[in-house]
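As structure tokens, the structure follows; a few thoughts come after it.
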Amino acid sequence: MRLRFAPSPTGYLHVGGARTAIFNWLLARKQRGIFVLRIEDTDRDRSKDEHTQAILDGMTWLGLDWDEGPYFQSEGVERHRAAALRLLEEDRAYRDFSDPEAVRAEAKERGMHPSRVAREKAEALGQAGADERAADGEPHAVRFRVPDGETVFEDMVHGEMRFGNDDIDDLVVLRSDGTPVYNLAVVSDDAEMGITHVIRGDDHLSNTPKQVLLYRALGLAEPIFAHVPLILGPDGKRLSKRHGATAVGDYAEEGILPEAMVNFLSLLGWSPGDDREFMTIDELIEAFDPNRILKKSSVFDSDKLAWLNGKHLAAMADVELVGHLRAAFVGQGGYRDALLDDGEWAGALLEAIKVRARTLDELADQARPFVCDELSYDEKAVQKNWLKDPTTAVERLERVAAAYRDAEWTKEDLEARLRALAEEMEVGAGKLIHPLRVALTGNMASPGIFDVLVLLGPERVFQRIDAGLDRIRAG
Ligand code: GLU
């Protein structure tokens, strides 16, 4: 099997495009086939190098490695042109000298398709007349003559597709400036590259009968097609920027893991046939079957992406997560890199914070109080737990600090001491824990307080309590 992803470099890598790439890549990997990357850059005005780069970056981030390419469609222009001229030679195409404006007006008046008016004019002119005007250098387009009958092909998603040829216009294959059109270029390229299967968006379905006719007219082997339904936003409209981020790169920046993104996009319009949702890349490759691509559109559900991301995060090896944390903190004020060198400590930290994070950004936020010395206090937490009643807060923090002076610094010992103190002071343990949590993490929420105490160690705990006391007294 030979598959391809053929993006036009007219923008960033959109999640819909990424899903198309993923489906082709999964099938190629499953069948031990070849995955080709082809950049369709024939639209000169809209194609930009920076877009090509953004697409390559997006694919690299997702882990979609290609075996051949990137090829550029523009490199094949001579071959595309030769294909158009061959159609002309074999009388499967004709020269069109007509003025498009006039043809359009006439077609409207007669209730015909413009290309059929152009065809009539070409027939009236005759072969000899056309050859003569072409020899004189008169500019003209080359149009494919759609044969009578029906165009039928099998689509892996939609089953048998039938199009009456009367409804297909005689498409221009070569413009009057000599440039080939997209539908011809794509056929010529896919045939040249030996592509056997084309999985692409439903929005191309109206092009496919034209392309099928071109394959047949050129005597080229046609691939098997699978047209994947659109991705919709939660409101049932086609997914767009209105719904949030649509660029794959935005998700990378938000701390989404590539394996979660691949997992999530794979399940948009496809299912493994059982109720699995969390799937590793290897499991996706193993399970992928284009025959199970769904006919109906799928809805982009950001909550599900975040949920899947949390699952992938939790399943990640500690060393990898530590790598992400280092990357997030390097260069930040008060960051103590050496702490993460201690595998046991880092493992305990991850154990405590992993379950509280759904993205890498959230993971870094959770880790910050443990690896960075500079603590920023959440103002709401300060007001609620300290400044509402500063005298009590000071007393409670001081009593906790005193109870911990000679502690063994195990979770059990720390917990026993705090509970004994609460009993002695005749308050619930929470009354001591809440102001302490703000002192140690700056926040109202954190992992269990005894995990926090152990992770920070006595030196930093006493420092932070002192800093907290200063803060409260400053008001
Ligand atoms: N270049 C086309 C696009 O980006 C894809 C063509 C195809 O997959 O056949 O929409």
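Structural remarks
- Residue in the stretch 200-215 that is more than 28 Å from MET112 (Cα to Cα), within 12 Å of the ligand (Cβ to nearest atom), not charged (D, E, K, R) and not in a loop (DSSP other than H, G, I, E, B) present: yes
- Of the residues making up the stretch 34-51, those that are in contact (Cβ under 8 Å) with a residue 40 or more places away in the chain and surrounded by 18 or more Cβ atoms within 10 Å (Cβ to Cβ) are VAL36, ARG38, GLU40, THR42, HIS51.
- Among the residues making up the stretch 59-76, those that are out of contact with any strand residue (DSSP E or B) (no Cβ under 8 Å at 6 or more places or on another chain) and of a type outside the set (Ser, Thr, Tyr) are TRP61, LEU62, GLY63, GLU75, GLY76.
- Residue match in the stretch 12-23 (condition: within 16 Å of the ligand (Cβ to nearest atom), within 23 Å of ASP177 (Cβ to Cβ) and touching a Lys or Arg at 6+ places or on another chain (Cβ under 9 Å)): no
- Meets criteria (away from the ligand (no atom under 12 Å from the Cβ), under 22 Å from the mean Cα position of the chain (by Cα), more than 21 Å from LEU174 (Cα to Cα) and buried (at least 18 other Cβ atoms within 10 Å of the Cβ)) for LEU3: no
- Residue list for the stretch 421-448, restricted to those being of a type in the set (A, V, I, L, M) and either part of a loop (DSSP other than H, G, I, E, B) or touching a residue at least 12 places away in the same chain (Cβ under 8 Å) (or both): LEU421, MET425, VAL427, LEU432, ILE433, LEU436, VAL438, ALA439, LEU440, MET444, ALA445
- Test for TYR215: is it modelled with pLDDT under 95 and aromatic (Phe, Trp, Tyr): no
- Unmet requirement for ALA128, which otherwise passes all of (1) buried (at least 20 other Cβ atoms within 10 Å of the Cβ); (2) out of contact with any Gly (no Cβ under 7 Å at 6 or more places or on another chain); (3) part of a helix (DSSP H, G or I): (1)
- Residues of the stretch 59-102 that are within 34 Å of the chain's Cα centre (by Cα) and small (Gly, Ala, Ser): GLY63, GLY69, SER74, GLY76.
- Search result, residues across the stretch 153-209 that are within 28 Å of SER297 (Cα to Cα) and of a type in the set (Ser, Thr, Tyr): TYR182, THR196, SER206, THR208
- Residues within the stretch 145-163 that are over 37 Å from the mean Cα position of the chain (by Cα) and part of a strand (DSSP E or B), tallied: 1
- Condition check for TRP61 on (1) modelled with pLDDT of 95 or more; (2) within 14 Å of the ligand (Cβ to nearest atom); (3) aromatic (Phe, Trp, Tyr): one failure, at (2).
- Residue check, VAL186 of a type in the set (A, V, I, L, M, F, W, C), part of a helix (DSSP H, G or I), farther than 19 Å from SER8 by Cβ and within 16 Å of the ligand (Cβ to nearest atom): no
- All helices (runs of 4 or more DSSP H) inside the stretch 255-321 with 3 or more residues being touching a residue at least 60 places away in the same chain (Cβ under 8 Å) and closer than 21 Å to LEU239 by Cβ: 258-266
- Failed criterion for VAL152 (all others in (1) at pLDDT below 95; (2) out of contact with any helix residue (DSSP H, G or I) (no Cβ under 8 Å at 6 or more places or on another chain) hold): (1)
Here's the yes/no breakdown for (1) surrounded by fewer than 19 Cβ atoms within 10 Å (Cβ to Cβ); (2) of a type in the set (Ser, Thr, Tyr); (3) touching a helix residue (DSSP H, G or I) at 6+ places or on another chain (Cβ under 9 Å); (4) farther than 28 Å from ALA474 by Cβ:
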position	(1), (2), (3), (4)
VAL394	yes, no, yes, no
ARG399	yes, no, yes, no
ARG405	yes, no, yes, no
TRP409	yes, no, yes, yes
GLU412	yes, no, yes, yes
LEU421	yes, no, yes, no
ALA429	yes, no, yes, no
PRO435	no, no, yes, no
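The values are calculated or read from the model by the stated rules, or taken from the named source; none is laboratory data. Keep in mind it's a predicted model, so treat the numbers as computed, not measured. Virtual Cβ from ideal backbone geometry, glycine too; neighbours counted across all protein chains shown.
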